[in-house]
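K.L.:
Before I ask anything, here is the structure I am working with.
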Amino acid sequence: MFLEQRFPTNISIGMRGGPEFSTFIAESSAGYEIRNVNWFEARNKYEITKAITNEKDREQILAFFRLTKGKAIGFRFKDHSDFKVQNQSLFEGDGQTNSFQLFKLYELGTDYYKRIITKPVKGTFSIAVCKPNIGYSVDFTSGIIRFSENLPKGCKVIASFEFDVPVRFNSDYLELINHHQKIYSIDRLELIEIKI
């Protein structure tokens with residue numbers, strides 16, 4: 001189950017978090033290591049610690065937590081440290097395909113990491129295609145882009161867009177701390193990326 005709503009960005013500003021991998025390490029008696037990668041794709045984790053000074057923010061966080069039933073239902077989250085793809089070459093036509101999965105490329109020299117994007121943000125998408133008048137549509141719930149016809153062989157697609165991360169709460173308990181009248185705080189609210 002997934003709620004196609006973005007967690008309030010005014011509450012997520014100041015978040016901490018980022019990508020996490022899982023690696024098993026076995027060490028020999030001589031100090032050598034054998035490292036086994038358990039996850040080939042990173043899974044992002046976030047933590048929100050926030051002072052809530054108005055009733056609107058308090059109601060938003062309560063509504064989100066109740067609607068998602070704690071850990072049960074996923075939702076969109078803006079990672080303020082990594083939410084854009086800019087002028088990136090996405091695909092090259094083969095003459096037989098008209099739909100492609102969006103992704104973000106992280107590069108260091110000739111090495112790269114390809115991150116699948118499933119939650120692009122409406123109103124942020126711009127595209128350049130070698131064939132000027134070709135029609136296209138973007139599925140903002142899956143990150144699939146479809147063209148009105150197969151892309152000609154060698155036809156490159158360059159795009160810019162913003163994206164959200166699909167996450168869920170990592171607890172079934174929301175602790176709001178009341179400091180004074182309408183002033184509350186969230187001591188630690190953890191979110192974890194889900195694979196869709």
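K.L.:
Looking for something in contact with a Cys (Cβ under 7 Å, 6 or more places away or on another chain), at pLDDT below 95 and either closer than 28 Å to residue 168 by Cβ or not assigned by TED's automatic domain parsing to the domain that holds residue 10 (or both) - is there at least one such residue anywhere in the stretch 121-129?
P.N.:
Keep residues of the stretch 121-129 that are in contact with a Cys (Cβ under 7 Å, 6 or more places away or on another chain), which gives 129.
The next check asks that each one be at pLDDT below 95; those that pass are 129.
From the residues that got through so far, the ones that are either closer than 28 Å to residue 168 by Cβ or not assigned by TED's automatic domain parsing to the domain that holds residue 10 (or both) too are 129.
Looking for residues that are in contact with a Cys (Cβ under 7 Å, 6 or more places away or on another chain), at pLDDT below 95 and either closer than 28 Å to residue 168 by Cβ or not assigned by TED's automatic domain parsing to the domain that holds residue 10 (or both), one finds at least one in the stretch 121-129, hence yes.
K.L.:
Which one is farthest from residue 19 (Cα to Cα) among residues in the stretch 66-91 that are modelled with pLDDT under 95 and surrounded by 15 or more Cβ atoms within 10 Å (Cβ to Cβ)? Write out each step before concluding.
P.N.:
At the first step, the residues of the stretch 66-91 found to be modelled with pLDDT under 95 are 89-91.
The next check asks that each one be surrounded by 15 or more Cβ atoms within 10 Å (Cβ to Cβ); those that pass are 90-91.
On the way: 90: 22, 91: 25 Å.
Among residues in the stretch 66-91 that are modelled with pLDDT under 95 and surrounded by 15 or more Cβ atoms within 10 Å (Cβ to Cβ), the one farthest from residue 19 (Cα to Cα) is 91.
K.L.:
May I pose another question? Of the numbered conditions (1) of a type outside the set (Lys, Arg); (2) surrounded by fewer than 10 Cβ atoms within 10 Å (Cβ to Cβ); (3) part of a helix (DSSP H, G or I), residue 57 satisfies every one except a single condition; which is it?
P.N.:
(2)
K.L.:
To continue, here is another question. Only one of (1) of a type outside the set (Lys, Arg); (2) part of a loop (DSSP other than H, G, I, E, B); (3) more than 30 Å from residue 66 (Cβ to Cβ); (4) at pLDDT 95 or above is not met by residue 141, so which one is it?
P.N.:
(3)
K.L.:
Sticking with this structure for a sec: Scanning for something acidic (Asp, Glu), within 26 Å of residue 158 (Cα to Cα) and not assigned by TED's automatic domain parsing to the domain that holds residue 139, does the stretch 36-44 turn up at least one residue?
P.N.:
Checked the stretch 36-44: at least one residue is acidic (Asp, Glu), within 26 Å of residue 158 (Cα to Cα) and not assigned by TED's automatic domain parsing to the domain that holds residue 139.
The values are calculated or read from the model by the stated rules, or taken from the named source; none is laboratory data. The model shown is predicted, which means the values in this text are computed figures rather than measured ones. Please note: Cβ atoms are built from the backbone with ideal geometry, for glycine as well, and neighbour counts cover all protein chains shown.
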